[in-house]
Amino acid sequence: MTTETQHPGDALVRVGAILFVIGAVATIVTVAPLFLGLTPLPSAAYFVSMVMPVGFGVALVGLLRAARAQRRSAA
């Protein structure tokens, strides 16, 4: 266990990173059959790929929230 304190936005950054990685893996898995000459995956696989920008946005919101909280505590 870590002894670090939780700051506002930390959970959002973690969740965003996890969503981003899931979306990145789904994008690679979805695009690979197109380059390898295999049959394309169903549309649901393409929708899972859209999780990547959502994860990026969630992590960005978490970073902005942490920066705003740090600015408030410094003032």
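The values are calculated or read from the model by the stated rules, or taken from the named source; none is laboratory data. The shown structure was predicted, so the numbers you read here are calculated from the model rather than taken from an experiment. Virtual Cβ from ideal backbone geometry, glycine too; neighbours counted across all protein chains shown. Note: accessible area is taken over every heavy atom of the protein model, side chains too, but ligands, DNA and RNA are not part of it. Shrake-Rupley method; radii C 1.70, N 1.55, O 1.52, S 1.80 Å.
Residues in region 1-25 that are without any contact (Cβ under 8 Å) to a residue 24 or more places away in the chain, open to solvent by less than 100 Å² (accessible area, probe 1.4 Å) and closer than 20 Å to residue 66 by Cβ: 5 only.
Within region 26-75, restricting attention to residues that are touching a residue at least 12 places away in the same chain (Cβ under 8 Å) and of a type in the set (Ser, Thr, Tyr), the residue that is nearest to residue 9 (Cα to Cα) is 49. Just the residues that are open to solvent by 80 Å² or more (accessible area, probe 1.4 Å), more than 30 Å from residue 6 (Cβ to Cβ) and either among the hydrophobic types (A, V, I, L, M, F, W, C) or touching a strand residue (DSSP E or B) at 6+ places or on another chain (Cβ under 7 Å) (or both), please, taken from region 30-72. Passing the criteria: 34, 35, 36, 38, 47.
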